[in-house]
1. Can you list residues whose amide H is under 5 Å from residue 229's amide H, if they're 5+ apart or on another chain and H is modeled 1.01 Å from N?
2. Expressed as a whole number of Å, what is the distance separating the alpha-carbon centroids of segment 16-51 and segment 219-272?
3. Roughly how large, in nm² to one decimal, is the mean projection of the convex hull of the alpha-carbon atoms in segment 197-272?
4. Could you work out the local net charge near residue 165, counting Lys and Arg as +1, Asp and Glu as -1, over the other residues with Cβ closer than 13 Å to its Cβ?
5. Quick one: 113, 215, 200, fewest Cβ neighbours within 10 Å first, how do they rank?
6. Using helices alone, what [θ] at 222 nm do you get for the chain, with -39,500 (n - 2.57) per DSSP H run of 4 or more residues, divided over all residues and rounded to the nearest 500?
7. Tabulate in residue order the Karplus-calculated ³J(HN,Hα) for segment 50-60, using 6.51 cos²θ - 1.76 cosθ + 1.60 with θ = phi - 60°, rounded to whole Hz; enter x for Gly and Pro.
8. If you put +1 on each Lys and Arg Cβ and -1 on each Asp and Glu Cβ, how big is the dipole of the chain around its Cα centre, in Debye rounded to 20?
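Just so it is clear, none of the values below were taken in a lab; they were calculated from the coordinates. Just so it is clear, the model here is predicted, and its values are computed rather than measured. With ideal geometry, Cβ positions are generated from the backbone for all residues, glycine too; neighbour counts draw on all protein chains shown.
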Amino acid sequence: MSLNEEHDETLRPAETQVVRVQELSEANRALQAFQHVNRKAVEQYENFSVQLVDLRNRKEDIDAGESAIAEAIQQIDAQKQHAVLETLRRVNGHFQQVFGEMVPGGAGKLKQLRRDRDVEMTGDTDGSQEASLGDIVGVRIEVSFTGQATSFLTMNQLSGGQKTVVALSLVFAIQRLEPAPFYLLDEVDAALDASYRSALANLVAKTARTSQVILTTFRPETLEKAERCYRVYQQNRASRIDAVSRDQAEEVLRAQDRLAQAEAERAALMAD
């Protein structure tokens, strides 16, 4: 081996080292281009994947709960609609009975006012009677004091006394739907004619079989059905209540009528 060959052999490791250093430098420069890469991306991806699965499961639960709630609301709406319509039909039946008791030979009925037409609330429960509550805009009362089918009148066509008869009939019809143990009626017969006051007294007496009724009145017809009579008056600027007989109560009413008549005559004389 010559000297030159031996010299080349000694230089090769050094050249190789230089080349490797250059490659390493280039590799470092290439890596610097990725220095902003998130080194926790893999770990975060795994965490987000777990969260995504959890969110999807929660969404499925929420969707299932929403469906159950929507179904429950639909059932409640259907029950509410049926209850309201059934209650209106029952009140209509009681109203017809009570009005017949208040006005012998008369007839009354309730009608549903719908957006497209008016419907009588009969006892039928077929599909023709069912309606959405959103379609019902009100209830109209129609009565006939003669009982003729062609003489039904609305509330706007009635006199004051007739309106009172209808109002009392509706109140007692509603109370028959859910009877109460106690009633307090304050001069509800004041605007009624004598025949209607007698009918009201019979109606109150019928109600008093199952409930306690207190009725204030200045009319003798009501006293005929009263079980007990009490006189309420003022003495020494204080109210007093005395139990009286029916005859005594009637005498109090007659005295009240005589006093009212005398005051009316005095007012007429002063006007002249």
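1. Under 5 Å from the amide H of residue 229: 244.
2. If you average the Cα positions of each part, the centres end up 110 Å apart.
3. 6.8 nm²
4. -1
5. Least to most surrounded, the residues fall as 113, 215, 200.
6. That calculation yields -20000 deg cm²/dmol at 222 nm.
7. 3J(HN,Hα) across segment 50-60, in whole Hz: 5, 5, 4, 4, 5, 5, 5, 5, 5, 4, 4.
8. That gives a dipole near 1960 debye.
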